[in-house]
Amino acid sequence: MTQPDLIIFDCDGVLVDSEVLSCRCLSKVLASYGIDLGLDQALDLFLGRSMTAVVEHYAALGRPIPEQFSAELTAGVRAAFTSALCPIEGVSSVLEGLQIPHCVASSSDVDRVSLSLSLTGLAPHFDNRLYTSQMVERGKPAGGKDAGRSASYLGDRGQHQRRSGRQSGRHDGLGICRRQPLSIAGRQSDSS
């Protein structure tokens, strides 16, 4: 196998164990608006998707979400991360021994990724090599060409988008590796 020129890590679910925390916060905030969304449903519908996708989903169902939703969800996620966010098991030792150039690319916003890396002690492994969908004209799922100019692809695990992070990377001619399936809420879930 040829050695890659660059390794691009997604943040949520690859570097930090954030998906369940985020989806619990989403369920809690939506409940405050009278919308019942269990953790499994939140994971199925919104894992790796933006707040805009949540708002659009419920608007299409005739259940508009109040304007303060974004601020409330962001505050809830920040509090949950501050108290419970951990790195994915074993990722610190992988990063410590890594001799290949590497960076983080994520569909999450810069503040969230920076907070996640800082809270888990992973930030020093990446310095300023952090790329998010805010930095490109078109992040996934539109296609990875713009994202590719920054960090090859903006990876997340949005199974309901037209293209996953792994598919976008392959579309752009990148070699893609994945970690083993991860168990979320007692079930197996693909990590792409």
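Return the sequence-ordered ³J(HN,Hα) values of the range 128-137 in whole Hz as given by the Karplus equation 6.51 cos²θ - 1.76 cosθ + 1.60 applied to θ = phi - 60°, using x for Gly and Pro.
In residue order, the calculated couplings are 9, 8, 10, 10, 10, 4, 5, 9, 10, 5 Hz.
Scattering from the C-alpha atoms of the range 19-84 alone, worked out with Debye: what is log10 I(q)/I(0) at q = 0.24, 0.27 1/Å?
Per q value, in the given order, log10 I(q)/I(0) is -1.09, -1.39.
From the gyration tensor of the Cα coordinates in the range 35-124, what semi-axes in whole Å does the equivalent ellipsoid have, largest first, with each one equal to sqrt(5λ)?
Values: eigenvalues 189, 37, 33 Å².
They are 31, 14, 13 Å, listed largest first.
Test of understanding: what is the full-extension gain from Glu67 to Thr82, defined as 0.36 nm times their sequence separation minus their Cα-Cα distance? Don't skip to the end; give the middle numbers.
Details: separation 15, 0.36 × 15 = 5.40 nm, distance 2.44 nm.
Here the answer is 3.0 nm.
Taking 0.36 nm per intervening residue step and subtracting the Cα-Cα distance, what contour gain separates Leu45 from Ala59 on full extension? If you can, show how the numbers build up before the last one.
On the way: separation 14, 0.36 × 14 = 5.04 nm, distance 1.45 nm.
Result for the pair: 3.6 nm of gain on full extension.
Show me, for the range 15-29, the HN-Hα J-couplings you get by feeding each phi into the Karplus relation (A = 6.51, B = -1.76, C = 1.60, θ = phi - 60°), rounded to Hz, glycine and proline as x.
9, 10, 8, 10, 4, 5, 4, 5, 5, 5, 4, 4, 4, 5, 5
Counting other beta carbons within 10 Å of each residue's own, what order do Asp40, Asp127 fall into, fewest first?
On the way: Asp40 14, Asp127 8.
Sorted ascending by nearby Cβ count, the order is Asp127, Asp40.
Skipping prolines and chain starts, which residues have an amide H placed within reach, meaning under 5 Å, of the one on Ile7, given they are 5 or more residues away or on another chain?
Those lying under 5 Å, H to H, from Ile7 are His102, Cys103.
So who's got an amide H within less than 5 Å of the one on Tyr131, skipping anything under 5 residues away but keeping other chains? H placed 1.01 Å off N, in plane.
Val104, Ala105, Ser106
Please turn the phi angles of the range 104-120 into ³J(HN,Hα) values with the Karplus equation 6.51 cos²θ - 1.76 cosθ + 1.60 (θ = phi - 60°), one per residue in order, whole Hz, x for glycine and proline.
10, 10, 8, 7, 5, 6, 4, 4, 5, 5, 4, 4, 4, 5, 5, 4, 9
Quick note: the coordinates plus some simple rules give every number you see, no bench work behind them. Computed from a predicted model, the values in this text were never measured in an experiment. Reconstructed Cβ throughout: ideal geometry from the backbone, glycine too, with neighbour counts over all protein chains shown.
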